[in-house]
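Below: the structure, in C-alpha cells.
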Amino acid sequence: MRQPWTMSNGSRFGMKMRTIDAPQSSQLVRVRQRQYFVEEVTPPGAGDDSTLVRMSCLDDDAQGQPLEVLWEKEIDPEIMTAEAWQDIAARGFDPPKVFSSYLHTLRWNCVTSTDPTLFQSPFRAGIRIDAYQLEPLRKALRLPRVNLFIADDVGLGKTIEAGLIARELLLRKKVQDIVVACPPSMLFQWQD
C-alpha cells in the first residue's frame with residue numbers, strides 16, 4: 001500500500017527525492033543550512049528505513065549544539081568531501097588588508113553572537129535609548145526560543161524595545177523573518 005504523502009513518481013511533497021549515502025563518524029556534513037561534525041552513526045535496524053546520525057554544530061552561533069537526524073529523511077543533506085574543500089581556494093587569496101578586516105569582523109560577530117550579555121542593536125539604533133528599555137532585550141537573548149509579551153505604560157517605548165529585540169536577532173542570524181502583529185494605526189512604524 002502506498003503511503004499518502006508519496007506521489008506516483010516517487011517524489012514526496014512534489015519534490016524529487018534523491019538518495020545520498022549516510023555519512024561516517026568524524027565526517028563533516030551540511031544539514032539544515034549549517035555545518036556539523038558527525039559523532040555517531042546508527043544504521044537502520046530491522047524494519048527501519050533511516051539511519052540515525054548524531055552530530056555537533058560547527059557554526060559560531062550554535063557551536064557544539066547536538067542534533068540527531070534521520071539521514072534519509074533530511075531535505076538536501078550534503079557530505080563535505082575533499083573535492084569541496086579544494087574548490088574553496090580555486091579563486092585565490094584575498095589581499096592581506098581585506099582578509100584582516102574580514103577576520104576582525106568575524107571576531108566581533110563571534111563574540112556578540114555567542115555572548116548574550118553583549119548587545120549590537122543599541123549601537124546601531126540611532127536613537128536615544130533608556131536603560132530600562134534594554135531589559136526585554138537581555139531577557140530575550142537568554143531564552144532558547146524568543147517569545148515575549150511586552151506590556152508597558154503608554155509612551156515608555158514598547159516599539160523601541162521590540163525593535164531592539166528584532167534587530168539583535170537579525171544581526172545574530174537567529175531569525176530570518178519576523179511577523180509583527182499590531183493595530184492598523186501602527187503599520188507605518190513597522191514597514192521598514
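Below 23 Å, Cα to Cα, which lysines can Lys73 reach? Residues fewer than 8 away in the same chain don't count.
Cα-Cα hits under 23 Å: Lys16.
What is the order of Thr42, Thr105, fewest Cβ neighbours within 10 Å to most?
Listing Thr42, Thr105 from fewest to most nearby Cβ atoms yields Thr105, Thr42.
I'd like the chymotrypsin sites (Phe, Trp or Tyr not before Pro) in segment 90-186 restricted to DSSP loop residues with at most 15 other Cβ atoms within 10 Å, sorted by number.
Taking segment 90-186 and a limit of 15 other Cβ atoms within 10 Å, the loop chymotrypsin sites (Phe, Trp or Tyr not before Pro) found are Phe93, Phe149.
To make sure I understand, if each residue's beta carbon is the centre and we count other beta carbons within 10 Å, what order do Lys97, Lys158, Lys73 fall in, fewest to most?
Lys97, Lys73, Lys158
Relative contact order for segment 98-190 using alpha-carbon pairs under 8 Å, separation at least 6, rounded to a whole percent?
It comes to 27 percent, rounded to a whole number.
Kindly put Val31, Val41, Val53 in sequence by how many other C-beta atoms sit within 10 Å of each C-beta, fewest to most.
Ordered by Cβ neighbours within 10 Å, fewest first: Val41, Val31, Val53.
Show which lysines lie in cross-link reach of Lys158 when reach means a straight Cα distance below 27 angstrom and same-chain residues fewer than eight apart are skipped.
Here the lysines satisfying the reach criterion relative to Lys158 are Lys139, Lys173, Lys174.
Read-outs throughout are calculated quantities, based only on the coordinates presented, and are distinct from any laboratory measurement. The model shown is predicted, which means the values in this text are computed figures rather than measured ones. Methodologically, a virtual Cβ is constructed for each residue, glycine included, from the backbone with ideal geometry; neighbour enumeration extends over all protein chains shown.
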